[in-house]
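Enquirer: Take this structure first; my questions come after.
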Amino acid sequence: MSLQAELIRRHEQSLIGNYGKLPVVFVRGDGALLWDAADRQYLDFFAGFGGSILGHCHPALVNAVRQQAQTLWHVGNQFYSEPQIRLAEQIVSKGFPGRVFFCHSGAEAVEAALKLARISGGPARTRTIAMLQAFHGRTMGALSATAGPARNGFTPLLEGFIHVPFNDVPALEARMDATVSAVIVEPVQGEGGVNMPSEDYLQQVRRLCDRHGAALIFDEVWTGVGRTGRYFGHQHYGVVPDIMTLGKALGGGLPVGAILARPRWAVFFQPTTHGCTLGGNPICAAAAAAVFDVLERQNLVEYARQAGVFLRDAIKNFRCAPRRIAQVRGLGLFIGVEMTLPDAAPVVRAALDHGLVINVTHKNVLRICPSLVITRPQMEQALDILQRAMESV
Ligand SMILES: Cc1ncc(COP(=O)(O)O)c(C=O)c1O
């Protein structure tokens with residue numbers, strides 16, 4: 001039995017089967033490249049659901065983790081520690097004036113945002129409005145805000161959550177009143193199919209929240225930290241939320257989640273209202289701070305914007321595009337390719353067989369989300385494989 005087959009067998013015996021798996025064991029990575037247990041090389045154009053924003057083993061992140069691991073591990077949030085201060089300052093300076101709370105994941109960031117909105121609004125504001133096709137995570141609060149199949153088997157969820165269609169201002173307006181604590185929306189819907197907001201949608205949502213005194217939460221777990229060609233997705237649309245959630249790329253692949261809340265809302269979290277034992281852990285915070293340093297030093301956010309234009313244009317011009325592709329959409333290196341096929345999983349599998357890692361969401365939307373360190377030759381090679389994969393199914 002090969003090493004890969006043996007590892008898969010052991011995995012199946014010892015881990016719960018809650019993920020659909022592809023039959024590859026990755027053992028090593030470098031930048032946008034990965035190697036499996038048989039030493040076969042792959043181009044990583046998915047970055048582990050967007051987490052590895054700087055690819056694998058970026059020297060600056062390795063260095064930050066190594067230095068911090070030799071200095072201080074974990075003390076608990078009843079004390080101050082420097083790396084989380086540095087990271088919070090970076091989030092504020094790249095985002096908007098406010099204050100930060102740290103946790104470990106996107107779902108926890110959403111929980112924190114929902115709780116902050118609830119406690120800010122007082123007992124009368126018990127309802128939260130979210131969007132159809134939204135995905136906000138799998139904990140019970142975040143799942144209540146999520147729409148679609150992730151909820152299956154877990155209803156009834158929390159009371160007071162209402163879903164309205166994304167990009168539908170009148171539908172939102174009809175549900176807004178003084179009982180709404182928050183409206184939560186992804187600037188670009190990720191799991192729902194890389195769905196773009198119409199040009200003034202987020203501004204209209206902002207206007208409705210202001211009119212009714214509800215908190216506007218932008219869930220930037222996918223769109224935050226440079227992926228879309230701006231530091232945060234909402235910056236494309238000239239709208240500032242009251243609370244922003246972050247996860248995935250924030251830790252560059254280590255578990256870091258956060259919210260940034262404007263001062264008027266931030267004050268409602270006081271000692272005992274919310275917390276997280278390992279949130280802002282020095283090693284994870286040092287890695288996340290290094291992510292922002294690298295993005296800035298290497299001008300990678302602008303690079304993501306340009307690389308995204310290059311990839312989207314190239315995909316639109318594939319020989320097979322008229323037959324195979326319904327729409328190419330996205331911002332920066334957050335790209336969705338809606339296929340004409342009802343199920344795009346065979347394209348993902350064919351790409352993998354040819355050495356390219358991509359993903360599918362919403363049944364037939366390919367997600368192409370490489371790290372921001374991909375090179376032009378790597379993009380060209382990936383495009384070639386992707387085109388062949390689309391033609392082969
Ligand atoms: C927009 C959004 N919010 C929240 C989450 C949950 O993040 P996590 O899986 O880190 O809990 C996700 C995960 O895909 C997401 O896409």
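The values are calculated or read from the model by the stated rules, or taken from the named source; none is laboratory data. Here the structure is a predicted model, which means the values were calculated and not measured. Neighbour counts are summed over all protein chains in view; Cβ atoms, including those assigned to glycine, are modelled from backbone coordinates with ideal geometry. The area values use the complete protein model at the heavy-atom level, side chains included, leaving out ligands, DNA and RNA. Shrake-Rupley method; radii C 1.70, N 1.55, O 1.52, S 1.80 Å.
Enquirer: Place the peptides 273-286, 19-32 in order of packing, highest mean first, counting for every residue the other Cβ atoms within 10 Å and averaging per peptide.
Expert: 273-286, 19-32
Enquirer: Residue by residue through region 256-263, which ³J(HN,Hα) values in whole Hz follow from phi under the Karplus form 6.51 cos²θ - 1.76 cosθ + 1.60 (θ = phi - 60°), with glycine and proline marked x?
Expert: With coefficients 6.51, -1.76 and 1.60, one gets 9, x, 7, 10, 10, 10, 4, x Hz.
Enquirer: Something else: Give the cross-link partners of Lys248 among the lysines, using a straight C-alpha distance below 25 Å as the criterion and excluding same-chain residues fewer than 8 apart.
Expert: Filter leaves Lys21, Lys94, Lys115, Lys363.
Enquirer: Once amide H atoms are placed 1.01 Å from N in the peptide plane, what residues at a sequence separation of 5 or more from Met131, or on another chain, have their amide H within under 5 Å of its amide H?
Expert: When sequence neighbours closer than 5 places are left aside, the close amide H contacts are Val164.
Enquirer: What's the FRET efficiency of Arg151 with Ala345 using the Cβ-Cβ distance as r and R₀ = 22 Å, to the nearest 0.05?
Expert: The formula returns an efficiency of 0.50 here.
Enquirer: Given a 1.4 Å probe and every protein chain left where it sits, what share in percent of the accessible area of the chain is carbon and sulfur?
Expert: On the way: 9410 of 17190 Å².
Result for the chain: 55 percent of the exposed heavy-atom area is carbon or sulfur.
Enquirer: With a point put 7 Å past each Cα toward its Cβ, work out how far Gln298 is from Ala124 in nm, to one decimal.
Expert: Output for this residue pair reads 5.2 nm.
Enquirer: A further question follows. Just from its helices, what would the mean residue ellipticity at 222 nm be for the chain, if runs of 4 or more DSSP H residues each count -39500 (n - 2.57) and the sum is divided by every residue, rounded to the nearest 500 deg cm²/dmol?
Expert: After summing the helix terms and dividing by residue count, I get -11500 deg cm²/dmol.
Enquirer: Taking the Cα centroid of region 297-317 and of region 1-57, what is the distance between the two, rounded to the nearest whole Å?
Expert: When both Cα centres are located, 26 Å separates them.
Enquirer: Continuing with the same structure: Which of Trp73, Leu143, Tyr19 sits farthest toward the positive end of the charge dipole of the chain, with +1 on the Cβ of Lys and Arg and -1 on the Cβ of Asp and Glu?
Expert: Result: Leu143.
Enquirer: Follow-up question, since we're still on this one. Please compute the per residue accessible area over the chain with all protein chains in place, 1.4 Å probe, rounded to a whole number of Å². Present the calculation step by step, with values, prior to reporting the outcome.
Expert: On the way: 17190 Å² over 393 residues.
Heavy-atom SASA per residue in the chain reads 44 Å².
Enquirer: Hey, any idea what Rg/Rh is for the chain, computing Rh the Kirkwood way over Cα pairs? Please report the intermediate quantities before stating the final value.
Expert: Values: Rg = 20.8 Å, Rh = 21.6 Å.
Ratio value, two decimals: 0.96.
Enquirer: Using alpha carbons only, how many angstrom separate the centre of region 192-227 from the centre of region 355-393?
Expert: If we compute the Cα centre of each part, the gap is 27 Å.
Enquirer: What order, most packed first, do the peptides 155-166, 232-243 have when packing is the mean number of other Cβ atoms within 10 Å of each residue?
Expert: 232-243, 155-166
Enquirer: Just to verify a number: what accessible area does Ser181 come out at with the full protein assembly present, 1.4 Å probe, Å² rounded to tens?
Expert: About 0 Å², ignoring ligands and nucleic acids.
Enquirer: Here's a follow-up. Please work out the C-alpha center-to-center distance from region 109-162 to region 236-267 and express it in whole Å.
Expert: Centre-to-centre distance over Cα atoms comes out at 17 Å.
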